[in-house]
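Following: one structure in structure tokens, then a few remarks.
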Amino acid sequence: MKAIIESDPSTPYQTWAQAEFSDLSGGYQHPDAAITADPDGDALPNGIEYAFGSDPRDPASGRGQAPLATANGCSFLLPSIVPEGILLRVEGSDNLTGWTTHATRPPGGPWTGPVVLTPLGTQTRHTFTDPAPSNRRFFRLAAEEP
Ligand SMILES: [Ca+2]
């Protein structure tokens, strides 16, 4: 016997996921609706799709968010308005296994360090200097529900 427990979404992310994945069994509770899932395979997890307002089921909708290397660091396209209930982090690594948080933006708050993000022109692309430069560095933008 299999029991299906349904409940209403209770967070802003869950409400968004329910709308995006309502056709799947369980809606926002379906594995494809998880904040770290990437059902369209575009390498942007649902939390980032939510933050940028892109379509989590259309791999063409989220183009342009990839970090770009600069001389001493990296630049990111960041959402100008972060939706409710999501925390964003810019993270760096030299081995893809251990990640260090460089900057954090809580819901409704500004970006905080230790690394300073500097807006470039449009206010959506930000650049920063790598605090631990080496021959090989990786950066990512992560999203989670706080
Ligand atoms: Ca995706």
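The numbers here are math on the coordinates, done by the rules we state, and not lab data. Bear in mind the structure is a predicted one, so any value in this text is a computation, not a measurement. Counting neighbours? That spans all protein chains shown, and the Cβs are built from the backbone with ideal geometry, glycine included.
Could you compute the longest span of the chain free of GluC sites (Glu not before Pro) located in DSSP loops and having at most 16 other Cβ atoms within 10 Å, not counting the site residues? Walk me through the numbers on the way to the answer.
Values: sites that count: GLU6, GLU84.
Answer from the scan: 7-83.
Please compute the volume of the convex hull spanned by the alpha-carbon atoms of the chain and report it per residue in Å³.
Values: hull volume 18.4 nm³, N = 146.
Enclosed volume per residue, from the Cα hull, is 126 Å³.
Where does each of HIS30, HIS102 land when they are ranked from fewest to most other beta-carbon atoms within 10 angstrom? Present the calculation step by step, with values, prior to reporting the outcome.
On the way: HIS30 17, HIS102 23.
With the fewest neighbours first, HIS30, HIS102 line up as HIS30, HIS102.
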Check your understanding: What ranking do VAL82, VAL116, VAL90 get, fewest neighbouring Cβ atoms within 10 angstrom at the top?
Key -> VAL116, VAL82, VAL90
Revision key, fill the gap. A student applying the Cα gyration tensor rule (rounded when a/c is under 1.5; otherwise prolate if a/b is larger than b/c, oblate if not) would label segment 12-52 oblate
Exercise for review: Any chance you could check the Cα centroid distance between segment 10-64 and segment 96-146 for me, in angstrom?
Suggested key: 22 Å
Exercise for review: With θ set to phi - 60°, apply the Karplus curve 6.51 cos²θ - 1.76 cosθ + 1.60 along segment 97-107 and write out the HN-Hα couplings as whole Hz, x wherever there is a Gly or Pro.
Suggested key: 10, x, 10, 10, 7, 9, 7, 9, 10, x, x
Practice item. Compute the Cα gyration tensor for segment 68-144, then decide on rounded, prolate or oblate, letting a ≥ b ≥ c be the square roots of its eigenvalues: rounded whenever a/c is under 1.5, prolate when a/b is larger than b/c in the other cases, and oblate in all that remain. Key: oblate
Check your understanding: Tell me, TYR50, TYR28 in order of fewest to most beta-carbon neighbours within 10 Å?
Key -> TYR28, TYR50
